[in-house]
Every structure is written in C-alpha cells, then in structure tokens.
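S.K.: Quick one: this structure, given as structure tokens, is what I'll be asking you about.
The values are calculated or read from the model by the stated rules, or taken from the named source; none is laboratory data. Being a predicted model, the structure only gives us computed values, none of them experimental. A quick note on method: Cβ atoms are made from the backbone with ideal geometry, for glycine too, and the neighbour counts reach across all protein chains shown. Accessible surface is based on the protein model in full, side chains and every heavy atom, while ligands, DNA and RNA are left aside. Shrake-Rupley method; radii C 1.70, N 1.55, O 1.52, S 1.80 Å.
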Amino acid sequence: MLKQRVITAVVLAPIVVGGLFLLPPTGFAVFTGALLAIAGWEWANLSGFEGGLQRWAFALVLIALMVLFQALPVVPLLGALAVFWLLVAALVAAYPGGRGFWHPRPARLTLGILALVGAWLALNHLRSGELVLGHTGNNLLLILYTFLVVWGADIGAYFAGRAFGRRKLAPAVSPGKTWAGVWGGLAVVAALALVVAWRLDLASIAVVQFVLASLLTALASVLGDLFESMLKRHRGIKDSSQLLPGHGGILDRIDSLVVAIPVLASCFTLLGWLTPVQ
C-alpha cells in the first residue's frame, strides 16, 4: 500500500502542480473543470448510480453547467453557496437523522452539482479575480495559500487528535475525528495566517480579518471531509473510487477543498481583497 501511494504521488504531483500553477487562466479553467468532472463521475456512485454510462453522463452535465454558470456574476453565486454549505452543515450535524431529505438519488446528485460546480466557480474566481492583498497581487499565491490552510488544518488535527483526542466530533459520521483535532488544526492555521500576514505587511485590522478568514476556511475544510464521509457511510463504501492507487478517489483527496475554496473566496471578496473581473 505504501509503495502504491508513493508511486501514485510521484506520477500525479507534476501533473497537478503544472495544471494549477503553470497554465494561463483559460487552461486552468479547463484543467480544473476536467478534474472536477471526474470527481462528478465518483459522486454519481455516491448517489447510488453504478452504471458507467449514467456516471459519465453526470460528469458531462457538470461540464455543461460549468460553462453555463461561468457567464453569471460570481458574487451572488458565492452568496448562494454560503447558504448551501450552512444547510449541509445542518445535515451533517443531524446525521443519521435527516436522511430523508437527501437519500433519494436525484437529491444526492443535486448536492453534487452544487458542491462541485460551486467549487469550480470559486476556484476560477481565485485564479482570475483582481487580488489586492498587502504586498501581493499574485493569484497563484492565493491558491497556494488555500491549499496550505487545508493541509495545515489536516496536519494539526492529526497530531492533536492522536495526542489529546477523547471527545468525538461526529461519531455517527466519522468516528476518528475529535474536537481536540479540530482545535489543533485551527491552532496550526492561526500560526500560518499570522506568519503570512506578517510577510504581506498587513495593517492591524487586516491581520485580524485575515486570520479569521483563514480559520473559517479551516473549519469549512472539516465540513467538506465530514460531508463526503457521511455520503460514503450512507452508501456503504470506503473510498469514492479506486482511480488513485493507494489514495482512493479524487473526491477523497479534494473533499476538504471543495468547501474551503468557496469559503475563502467569499471571505476575500467580502473584505474587498478579491474583485471579480468584469
């Protein structure tokens, strides 16, 4: 298993890094759209569709909706996504109650559309919006920072959970997650945000806003992980697919980012640091 994980990581890392950080905005949009369409193929399985034709049809629907919605104003779409993720948080908190709302296969497909298309729109807003944050206007650094927040939250949660984890966060959804892990992840993200804010030479009030936005993004990443865990538990599967040997599926790798990206994009837009391109 370890050998498989290493080989997969070595092969995929250059592709992902190149697609995210070396392509122009149009190429970036195509690359990320293709990636999320494959994640949609996995989501169809989480929704109870096992047939290959049905699953690829859903992936094509996602691509069509990305093309359709990319022409709409992004700010109202981010606001609608915020409401959606609040509702998802309520569903995760209520589990195993509330399954009647999302158990039907069309309902789970709808959740996937909102999650994956929303993540694509927000990610491309991060890539193409006009960024003015301290001493940088580099959108690629903003995307990298989003990844670092999610990874920092995950690493902090792992070590704090192992050392101090007693009280379970959501035992019905993901028995391994603890409140100590959440606090440990937030501590790592707070430290990361302070270092980055110092490097960007942000004003005092902006430092507070930057740290709070980062912490909210970290919490959102936890929700993303729990949301996919809930769907997999309901479906009775361990991984979203076996596309990535040793790593499961694409959704298993990006579930946290699917929520974290729209949240960070919304926070930075609301604070005036990221302006949509007209």
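S.K.: Against the condition open to solvent by 40 Å² or more (accessible area, probe 1.4 Å), at pLDDT 95 or above, under 29 Å from residue 63 (Cβ atoms) and in contact with a helix residue (DSSP H, G or I) (Cβ under 6 Å, 6 or more places away or on another chain), how does residue 114 come out, does it pass?
M.R.: Considered against the rule, which asks whether it is open to solvent by 40 Å² or more (accessible area, probe 1.4 Å), at pLDDT 95 or above, under 29 Å from residue 63 (Cβ atoms) and in contact with a helix residue (DSSP H, G or I) (Cβ under 6 Å, 6 or more places away or on another chain), residue 114 comes out as yes.
S.K.: Then there is this: I need the full set of residues from the range 32-81 which are within 16 Å of residue 122 (Cβ to Cβ) and among the aromatic types (Phe, Trp, Tyr), in order please.
M.R.: Matches in the range 32-81: 69 only.
S.K.: Quick one: which helices (runs of 4 or more DSSP H) sit completely within the range 1-111 and have at least 2 residues that are within 28 Å of residue 246 (Cβ to Cβ)? Please lay out each step first, then the result.
M.R.: Working: elements: 2-21, 25-46, 52-69, 74-94, 99-102.
Those helices (runs of 4 or more DSSP H) span 2-21, 25-46, 52-69.
S.K.: Restricting the range 227-245 to residues that are part of a loop (DSSP other than H, G, I, E, B) and in contact (Cβ under 8 Å) with a residue 60 or more places away in the chain, which is most open to solvent (accessible area, probe 1.4 Å)? Reasoning before the result, please.
M.R.: Restricting attention to the range 227-245, the residues satisfying the condition of being part of a loop (DSSP other than H, G, I, E, B) are 236-243, 245.
Narrowing the set further to residues that are in contact (Cβ under 8 Å) with a residue 60 or more places away in the chain leaves 237, 240-241, 243, 245.
On the way: 237: 51, 240: 1, 241: 14, 243: 81, 245: 60 Å².
My answer is 243.
S.K.: So, in the range 254-278, exactly how many residues are surrounded by fewer than 17 Cβ atoms within 10 Å (Cβ to Cβ) and not in a loop (DSSP other than H, G, I, E, B)? Steps first, please.
M.R.: Looking only at the range 254-278, we keep the residues that are surrounded by fewer than 17 Cβ atoms within 10 Å (Cβ to Cβ), and these are 270-272, 275-278.
Checking the rest, the ones that are also not in a loop (DSSP other than H, G, I, E, B) come to 270, 275.
Total satisfying the criteria: 2.
S.K.: Now for a separate question. Could you tell me which residue of the range 1-44 is surrounded by the most Cβ atoms within 10 Å (Cβ to Cβ), considering only residues that are more than 27 Å from residue 140 (Cα to Cα) and modelled with pLDDT of 95 or more?
M.R.: Per the criteria, the residue is 43.
S.K.: Sort through 197, 206, 190 and tell me the only one that's surrounded by 18 or more Cβ atoms within 10 Å (Cβ to Cβ) and either more than 29 Å from residue 238 (Cα to Cα) or in contact with a Lys or Arg (Cβ under 7 Å, 6 or more places away or on another chain) (or both). Steps first, answer last, please.
M.R.: Numbers: 206 fails: surrounded by 18 or more Cβ atoms within 10 Å (Cβ to Cβ); 190 fails: surrounded by 18 or more Cβ atoms within 10 Å (Cβ to Cβ).
Only one candidate qualifies: 197.
S.K.: OK, next. From 64, 71, grab the single residue that is closer than 23 Å to residue 26 by Cα and at pLDDT below 95.
M.R.: Details: 64 fails: at pLDDT below 95.
Unique residue meeting the criteria: 71.
S.K.: Condition first: of a type in the set (A, V, I, L, M, F, W, C) and open to solvent by less than 20 Å² (accessible area, probe 1.4 Å). Now tell me which residues in the range 124-144 satisfy that.
M.R.: Within the range 124-144, the first condition is being of a type in the set (A, V, I, L, M, F, W, C), and the residues that meet it are 126, 131-133, 140-144.
126, 131, 133, 142, 143 - these are the residues of the range 124-144 that are of a type in the set (A, V, I, L, M, F, W, C) and open to solvent by less than 20 Å² (accessible area, probe 1.4 Å).
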